[in-house]
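See structure below.
All of the numbers you see were taken from the coordinates with simple rules; none came from a lab. Because the structure is a prediction, the values reported are computed rather than measured. Quick reminder, even Gly has a Cβ in these numbers, built from the backbone with ideal geometry, and neighbours come from all protein chains shown.
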Amino acid sequence: MASVEQVQASLALVLDHLRTAHQQLTEAGERLSEAHAILTEASRMHPRSLVPPELTKACDHAREQLTLLLGAMEAVERFSGRL
C-alpha cells in the first residue's frame, strides 16, 4: 500500500510532466498561429486564401487542448493539496 508521501511524489512527477506538456503545447500553438498569420497576410495578394482549413483547425485544436491541460494541472494541484 502506498503512503501519502509516495502519492504526493507521484503527483509531483505528474505535475512536472503536465507543465512540460503545457510549455510544448504553448510553443506549438504560437508557431501554428504564426504560420496562420503569415499565410493570411500572403493571401491578400492572391484571389484565394492560402490558409489551409486544416491549419485553422490545428490552431483551434491547440487552444482547446491547452485549456484541457490547464484544467488537468489545476485538478492535480488541488488533489495534491488535499492530501
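Could you list, in sequence order, all residues of region 24-50 that are touching a helix residue (DSSP H, G or I) at 6+ places or on another chain (Cβ under 9 Å) and of a type in the set (A, V, I, L, M)?
Within region 24-50, 25, 28, 32, 35, 39, 50 meet the criteria.
I'm trying to understand the selection: among the residues of region 1-39, which are hydroxyl-bearing (Ser, Thr, Tyr), exposed (fewer than 12 other Cβ atoms within 10 Å of the Cβ) and part of a helix (DSSP H, G or I)? Give the derivation first.
Within region 1-39, the first condition is being hydroxyl-bearing (Ser, Thr, Tyr), and the residues that meet it are 3, 10, 20, 26, 33.
Now restrict to residues that are exposed (fewer than 12 other Cβ atoms within 10 Å of the Cβ): 3, 20.
Selection gives 20 alone.
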